[in-house]
Amino acid sequence: YSLSLHDSLPISAHKIRIVKAWQALGQVVAMTGDGINDAPALKAADIGLAVGSATDVTRETADLVLLKSDFSVIIEAIKEGRIIFQNIRKVIVYLLIDSMNALALVVASLLLGFPLPLTAVQILWINLIADGLPATALTIEKSEENVMKEPPRPKNINLIDRQMIKLISTIAIITSLSLLVLFVCLLKIFPENVNFIRTIIFISYGVDSLLYVFSCKSLVRPIFKTNIFDNIYLIYAVIFGFVLLVVPIYLPFMQNTLYLVPLGWEVWLLIFILALLKLSLIELTKYLFTRKNNNGSFIWKN
């Protein structure tokens, strides 16, 4: 795109030419302005920004209006946009893995000729626990490390890219396969006690979902490099989720509704040991899919 400022074109035309020149290079262009002559360039840009003192015409043309005429607001807005994008991805990964676990577990059991490892009402109860408050709390996660040092994202980037698909698939295979193996082993040991087996799978599935939400706090950084207590709402959501997971086992009327039986402490110990083992495998998967860049932050491997 050729630019020459030594001609008789008005300043407004030069601004539009500058915008289109950057767009021709595949860049996302933001243009700021306050006067009427800035309005065409703001409209041509991907994001038009009118400052607080802008004319009415410029305000109506712009996509955003800065109530405070300070360029630092733009930087904060970019940072907030990046945080929102990251958090949306975290929620998608968390919910998809949780849903794929239930689907894979049920389908595999049917194909192998086994009884259902979970009833429909049990799956709905776990989805209420895991897909409710913890997923909502992930939307207000704080900024990733060095978020403003990341290169700009292409405007045609997908929310779920190839790396995320591989990460989701690998983690879902780990968690669902481990639950299936546990279910098959329990069937061989307690072939006549289906409700007892389903209770263990119910608790294991719920505990897995409530623990690996902390792994989803960052899709690239290991869990030991994140502050799991910096989102107090996530802590409350997980605690409340555990309460909703335990209560149905020991309240008689909920036992009859969800077809659950009480568990002893040794079973609970086994469930948590297996859950921590699976969490370690999830973290290993994240490690295999990420690397450190030059500024020390973690990014996806190409």
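The values are calculated or read from the model by the stated rules, or taken from the named source; none is laboratory data. Computed from a predicted model, the values in this text were never measured in an experiment. All Cβ positions, even for glycine, are placed from backbone atoms using ideal geometry, and neighbour counts span all protein chains on display. Remember, those area values only see protein heavy atoms, side chains included, never the ligands or the DNA or RNA. Shrake-Rupley method; radii C 1.70, N 1.55, O 1.52, S 1.80 Å.
Report the rotationally averaged projected area of region 89-151 based on its alpha-carbon convex hull, in square nanometres.
On the way: hull surface 23.3 nm².
Taking the Cα atoms of region 89-151, their convex hull projects to 5.8 nm² on average.
Tell me the carbon and sulfur percent of the accessible area for the chain, rounded to whole percent, probe radius 1.4 Å.
67 percent
When the distances between all Cα atoms of the chain are binned every 10 Å from zero, what whole-number percent does each bin get?
Percent of Cα pairs in each bin: 6, 22, 24, 17, 13, 9, 6, 2, 0, 0.
If r is the Cβ-Cβ distance from Lys142 to Lys166 and R0 is 22 Å, what FRET efficiency results, to the nearest 0.05?
The computed FRET efficiency comes out at 0.25.
On C-alpha positions alone, give me the angle between the axis of helix 11-24 and the longest principal axis of the chain, in degrees, nearest 10.
So the inclination is approximately 40 degrees.
Using amide H atoms built in the peptide plane, which far-off residues or other-chain residues are under 5 Å from Thr32 H to H?
Those qualifying (amide H under 5 Å, at least 5 residues apart or on another chain) are Leu49.
In µm²/s, what is D for region 219-258 at 10 °C and 1.306 mPa s, where D = kT/(6 pi eta Rh) by Stokes-Einstein and Rh is the Kirkwood radius from Cα pairs?
129 µm²/s
How big is the dipole moment of the chain about its Cα centre under a simple scheme where the beta carbon of each Lys and Arg is +1, that of each Asp and Glu is -1, and everything else is neutral? Debye, nearest 20, please.
Values: 26 positive and 22 negative charges, 166 e Å.
Approximately 800 debye in magnitude.
Using 0.36 nm per residue, how much length does the chain from Lys149 to Thr257 gain when fully extended, once their Cα-Cα distance is taken away?
Residue separation times 0.36 nm, minus the Cα-Cα distance, leaves 33.7 nm.
Which value in Å is the Kirkwood Rh of region 152-302 over different Cα pairs?
Values: mean 1/r = 0.0570 Å⁻¹.
Its Kirkwood hydrodynamic radius stands at 17.5 Å.
Taking θ = phi - 60°, what integer Hz values does the Karplus form 6.51 cos²θ - 1.76 cosθ + 1.60 yield along region 227-237, in sequence order, with x for Gly and Pro?
The phi angles translate into 8, 6, 9, 7, 10, 5, 5, 5, 4, 4, 5 Hz.
Ignoring ligands, DNA and RNA, how do Asp98, Asp70 rank by accessible area with a 1.4 Å probe, largest first?
Reading off the accessible areas and sorting them downward yields Asp70, Asp98.
Go through Leu103, Tyr287, Ala275 and say which Cα lies farthest out towards the positive end of the charge dipole of the chain; charges sit on Cβ, +1 for Lys and Arg, -1 for Asp and Glu.
Of Leu103, Tyr287, Ala275, it is Tyr287.
P(r) for region 1-129, please, calculated from all Cα pair distances in 10 Å bins and given in %.
Per 10 Å bin, starting at zero, the Cα-Cα P(r) for region 1-129 comes out as 11, 25, 20, 11, 12, 12, 7, 1, 0 percent.
What base-10 log of the normalised intensity I(q)/I(0) is obtained for region 105-229 from the Debye formula, alpha carbons as equal point scatterers, at q = 0.18 Å⁻¹?
Here log10 of I(q) over I(0) equals -1.08.
May I ask you to evaluate 6.51 cos²θ - 1.76 cosθ + 1.60, the Karplus curve with θ = phi - 60°, for each residue of region 274-280 and list the ³J(HN,Hα) values in order in whole Hz, giving x for glycine and proline?
Once θ is set to phi - 60°, the couplings for region 274-280 become 5, 5, 5, 5, 5, 4, 5 Hz.
Per residue, what accessible area does the chain have, given a 1.4 Å probe and all protein chains present, in Å²?
54 Å²
Can you tell me the length gained on complete extension of the stretch Phe224 to Ile157, counting 0.36 nm per residue apart and subtracting the Cα distance?
On the way: separation 67, 0.36 × 67 = 24.12 nm, distance 2.91 nm.
Taking Phe224 through Ile157 to full extension adds about 21.2 nm, to one decimal.
Once label points are set 7 Å from the Cα along Cα→Cβ at both Thr55 and Phe71, what is their separation, rounded to one decimal in nm?
Modelled inter-label distance: 2.3 nm.
Taking 7 Å along the Cα-to-C-beta vector as the label spot, tell me the Tyr250-Tyr287 distance in nanometres, rounded to one decimal.
3.6 nm
Using a Gaussian network for the chain with springs between C-alpha atoms less than 10 Å apart, which of these wobbles most: Trp268, Trp22, Trp125?
Residue with maximal mean-square fluctuation among Trp268, Trp22, Trp125: Trp22.
Hey, what angle do you get for helix 120-130 against the long axis of the chain, alpha-carbon based, 0 to 90 degrees rounded to 10?
Helix 120-130 and the main axis of the chain meet at about 50 degrees.
Using the Karplus equation 6.51 cos²θ - 1.76 cosθ + 1.60 (θ = phi - 60°), what ³J(HN,Hα) coupling, rounded to whole Hz, does each residue of region 152-160 give in order, writing x for Gly and Pro?
x, 7, x, 6, 9, 5, 8, 4, 10
How much length is gained if the chain between His14 and Ile173 is pulled fully straight, taking 0.36 nm per residue apart and subtracting their Cα-Cα distance, in nm to one decimal?
Length gained, His14 through Ile173: 51.7 nm.
Please state the charge dipole magnitude for region 33-151, taken about the Cα centre, from unit charges on C-beta atoms (+1 on K and R, -1 on D and E), reported in debye and rounded to the nearest 20.
360 debye
Just to confirm the filter: which chymotrypsin sites (Phe, Trp or Tyr not before Pro) across region 149-229 are DSSP coil and have at most 15 other Cβ within 10 angstrom of their Cβ?
Phe229
Can you list the aspartates and glutamates whose alpha carbon sits under 17 Å from that of Lys79, skipping same-chain ones fewer than 8 residues off?
Result set, ordered by chain and number: Asp70, Glu141, Glu144, Glu145, Glu150.
Just to confirm the number: angle between the C-alpha axis of helix 194-211 and the first principal axis of the chain, 0 to 90 degrees, nearest 10?
30 degrees
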